[in-house]
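J.: Okay, handing you the structure first.
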Amino acid sequence: MPTQNKTINSLSFTFIVIYATCSTALLGIPSSLSALVNQDAWLFPVIGSTLGIGVVFLYTVLGRWAPKANIFEMNDMILGRPLGQVATFVYVLFPLFHFPAINSYGISFITHFLLPSTPFFVIFLLCLTIILFGVFSGIEAIARTATLISLFFIVPLVILIGLNLPDIDLKQMQPFAHTALTRDGWEALAFFMGNVVCNVVIQLSIFPKYLGNKKTGERGLWVGYSIGCFILIVITFLCITVLSPEVTARDFYPALSLAQRIELGTFLERIEATITILWFISIYFNLLLYLFALVEGFKHFWRLKESKPLILPFGLILLFVGVTLFANVVQEREFYRYVSIPQSILTGFVLPFLLVSVGVIKRKAKNQQLYPKHSTEQNQ
């Protein structure tokens, strides 16, 4: 069997970051934020994305310190083997619980709009099988697919945004920043930080270890994060100014409603297929990353040479968790409200902040640079 190439380029990585950043937030964020802060729902993605720059900076610092490592190896390098194992276990709990939650969210959409007569278990098993095959194919295959499929993401996105621009009503945004400093405002900010910004931490399972060019790979992380957040800001803004805050708050999938209202005469209808394509692409790659991080984490935890033997067993575990803990919308919403946000902030901010803090102390003691240049820059 030929040796698998485990190096990806920065362009592919950029698209992976974009897809994973959008993911379920593409459909759910406008409704959840509007229910909390009404017409200010578009404002909190702007604030959250800006604050997220500091979070992503923590990831780049770790990448500069260990350009040939992933998050699991970074844990051991900075905290030592015993505490590193604890940090790794905390990290893998993140994809272990979020994978079935996100997959169940997607299946709820499928059962409502596409396959209403098909049992939940059957759709979950079918989707899981496709994801298992993707992870089994390897990180290079995932990266190449992300690049090849980008056209089917970009074109529908441009159509969705472009055809809704003429219907924008800025009066829907008034009064401006009315809930910014209220309790609901802080809750909305925490919701966005937990469900979007801190989820970028899943990229540390492949960044910077599997990037061929570390410098352009780091740039790809920044560009992918920026574009992904910009897409969410624009979609939320359109939902508020086109549909109105009240409709957005009541609608479970407001971005889908945004597409359903588009008609050009009698020859261009059913544009909601565009948002379906966008969402399926983004959630698929997000789930690929979650499963990849899960098996890579336990491979490191158990000191195995290969992670492929773990794919099927963990697939069965995720199937069990998904059909037992996330079988309906109520369970999903309880998870996102009481578990997802605290766990995302713990894994996506607290853990990297701890690693950077300990790393700074150690590097200062050894007189090492706190933000070293890339090897390509050092050779110039």
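The values are calculated or read from the model by the stated rules, or taken from the named source; none is laboratory data. Quick caveat, the model's predicted, so the values are computed rather than measured. Cβ: placed from backbone, ideal geometry, glycine included. Neighbour counts: every protein chain shown.
J.: Return the total of residues in the range 295-316 being more than 23 Å from Glu73 (Cβ to Cβ) and surrounded by 14 or more Cβ atoms within 10 Å (Cβ to Cβ).
T.: 1
J.: Separate question: Please find, among Ile341, Ile311, the residue that is closer than 27 Å to Val56 by Cβ and part of a helix (DSSP H, G or I). First the steps, then the outcome.
T.: Working: Ile311 fails: closer than 27 Å to Val56 by Cβ.
Result of the check over Ile341, Ile311: Ile341.
J.: Tell me the residue from Leu58, Leu51, Leu62 that is modelled with pLDDT of 95 or more and surrounded by fewer than 17 Cβ atoms within 10 Å (Cβ to Cβ), please.
T.: Details: Leu58 fails: surrounded by fewer than 17 Cβ atoms within 10 Å (Cβ to Cβ); Leu62 fails: surrounded by fewer than 17 Cβ atoms within 10 Å (Cβ to Cβ).
The unique qualifying residue is Leu51.
J.: Given the conditions (1) under 22 Å from Tyr105 (Cα atoms); (2) among the hydrophobic types (A, V, I, L, M, F, W, C); (3) surrounded by 13 or more Cβ atoms within 10 Å (Cβ to Cβ), report the number of the one that Phe320 does not fulfil.
T.: (3)
J.: Hey, another quick one. For the range 227-257, enumerate the residues that are touching a residue at least 24 places away in the same chain (Cβ under 8 Å) and polar (S, T, N, Q).
T.: Selection gives Thr236, Thr241, Ser244, Thr248.
J.: So which of Val155, Val196 is of a type outside the set (Lys, Arg), closer than 30 Å to Val247 by Cβ and touching a Cys at 6+ places or on another chain (Cβ under 8 Å)?
T.: Result: Val196 is the single residue among Val155, Val196 that is of a type outside the set (Lys, Arg), closer than 30 Å to Val247 by Cβ and touching a Cys at 6+ places or on another chain (Cβ under 8 Å).
J.: Output the helices (runs of 4 or more DSSP H) that fall wholly within the range 172-272 and possess 1 or more residues being of a type in the set (Phe, Trp, Tyr) and farther than 14 Å from Ala35 by Cβ, or say none.
T.: In the range 172-272, the matching helices (runs of 4 or more DSSP H) lie at 183-192, 214-238.
J.: Now, a different point. Quick check on Ile123: is it without any contact (Cβ under 8 Å) to a residue 24 or more places away in the chain, within 28 Å of Gly28 (Cα to Cα) and surrounded by 15 or more Cβ atoms within 10 Å (Cβ to Cβ)? Reasoning before the result, please.
T.: On the way: without any contact (Cβ under 8 Å) to a residue 24 or more places away in the chain: yes; within 28 Å of Gly28 (Cα to Cα): yes; surrounded by 15 or more Cβ atoms within 10 Å (Cβ to Cβ): yes.
Yes, satisfied.
J.: Determine which member of the set Arg219, Arg270 is modelled with pLDDT of 95 or more and of a type in the set (Lys, Arg). Step through it out loud before you land on a result.
T.: On the way: Arg270 fails: modelled with pLDDT of 95 or more.
Unique residue meeting the criteria: Arg219.
J.: Still on this model: Consider only pairs whose beta carbons are under 9 Å apart and that are at least six residues apart or on different chains; among these, list those whose first residue lies in the range 315-337 and is in contact (Cβ under 8 Å) with a residue 40 or more places away in the chain and whose second residue is among the acidic types (Asp, Glu).
T.: Cβ pairs passing all conditions: Phe326/Glu332.
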